[in-house]
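Below is one structure; the comments refer to it alone.
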Amino acid sequence: MTPEQLKDHCLSFNGAVETFPFSEDLSVFKVEGKIFALSALDGEPLTVSLKCDPELAVRLRAEHPAIVGGYHLNKRHWNTVTLDGTVSDRLVRDMVEDSYDLIVAALPKRTRLRLDWTGDRA
């Protein structure tokens with residue numbers, strides 16, 4: 001997955017925006033002001049940090065050496081993925097979507113309705 005593909009995927013979700021609250025080099029993807037992905041898109045290697053269900057986070061780390069506890073984040077709820085080709089693009093896309101869904105699921109019902117979010121996407 002290229003930096004452009006990662007950025008495009010993060011921005012494909014309803015209400016998703018790219019912000020730079022920490023530095024000009026760190027893209028922070030948010031929905032309703034809540035972070036669901038962080039990436040230094042110019043970084044070598046390319047990495048992305050994503051929110052994750054705690055049990056799934058542990059399983060993914062055990063299965064993929066390129067997935068580790070979130071860098072400078074709560075490692076119980078965040079994973080950092082190194083996009084070095086060892087983790088499939090499909091899994092990365094699914095992890096981005098899951099991260100977005102975890103954030104939106106915690107928003108008020110009227111906000112979820114405004115975002116046209118119906119829960120897990122097929």
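To the nearest 500 deg cm²/dmol, what mean residue ellipticity at 222 nm is calculated for the chain from DSSP H runs of n ≥ 4 alone, each contributing -39,500 (n - 2.57), summed and divided by the residues?
Numbers: 4 runs with 41 residues, N = 122.
Estimated from H runs of four or more residues: -10000 deg cm²/dmol.
Step through the residues of segment 42-48 one at a time and calculate ³J(HN,Hα) from phi using the Karplus curve (6.51 cos²θ - 1.76 cosθ + 1.60, θ = phi - 60°), rounding each to whole Hz and writing x for Gly and Pro.
After applying 6.51 cos²θ - 1.76 cosθ + 1.60, I find 9, x, 10, x, 6, 10, 9 Hz.
Taking the Cα of Glu63, stepping 7 Å toward and past its beta carbon, and measuring to each backbone N in segment 85-122: which are under 16 Å?
The answer is 86-99, whose backbone nitrogens lie closer than 16 Å to the label point.
Which one of Ile103, Phe20, Ser49 is farthest out on the positive end of the charge dipole of segment 3-114, using unit charges on Cβ (Lys, Arg +1; Asp, Glu -1) and the Cα centre as origin?
Ile103
Which lysines, if any, have their Cα less than 17 Å from the Cα of Lys109, not counting same-chain residues under 8 positions apart?
Lys34
For helix 89-105, what angle does its Cα long axis make with the longest principal axis of the chain, in degrees from 0 to 90 and rounded to 10?
Taking the Cα atoms of the chain, the angle to 89-105 is about 40 degrees.
When the convex hull of the Cα atoms of segment 1-71 is projected onto a plane and the area is averaged over all directions, what value comes out in nm²? Walk me through the numbers before you get to the answer.
Numbers: hull surface 20.6 nm².
Projected area, direction-averaged: 5.2 nm².
Just to be sure I follow the definition: excluding the sites themselves, where is the longest run in the chain that has none of the chymotrypsin sites (Phe, Trp or Tyr not before Pro) in a DSSP loop with at most 16 other Cβ atoms within 10 Å? Provide the component values of the computation, followed by the final result.
Working: sites that count: Phe22, Tyr71.
Here the longest run is 72-122.
Quick one: which residues, 5+ away or cross-chain, put their amide H under 5 Å from the amide H of Cys52? H built at 1.01 Å from N.
Close amide H contacts, sequence-distant or interchain: Trp78, Asn79.
Work out the length of the dipole vector of segment 3-114 about its Cα centre, built from +1 on the beta-carbon of each Lys and Arg and -1 on the beta-carbon of each Asp and Glu, and round it to the nearest 20 debye.
Working: 14 positive and 17 negative charges, 146 e Å.
I would put it at about 700 debye.
On C-alpha positions alone, give me the angle between the axis of helix 54-63 and the longest principal axis of the chain, in degrees, nearest 10.
Long axis of 54-63 versus the principal axis of the chain: about 30 degrees.
Which of the GluC sites (Glu not before Pro) found in segment 19-58 are loop residues per DSSP with 11 or fewer other Cβ atoms within 10 Å of their Cβ?
On the way: sites: Glu24, Glu32, Glu55; in loops: Glu24, Glu32.
Sites meeting the loop and neighbour criteria: Glu24.
For the chain, taking Cα atoms only, what is the radius of gyration to one decimal and the Dmax to the nearest whole Å?
Radius of gyration, then largest Cα-Cα span, for the chain: 13.6, 40 Å.
Where a number appears in this text, it was derived from the coordinates with a stated rule and is not lab data. As the structure is a prediction and not an experimental result, all values here were calculated from the model. Note that each Cβ is placed from the backbone with ideal geometry, even for glycine, and that neighbours are counted across all protein chains shown.
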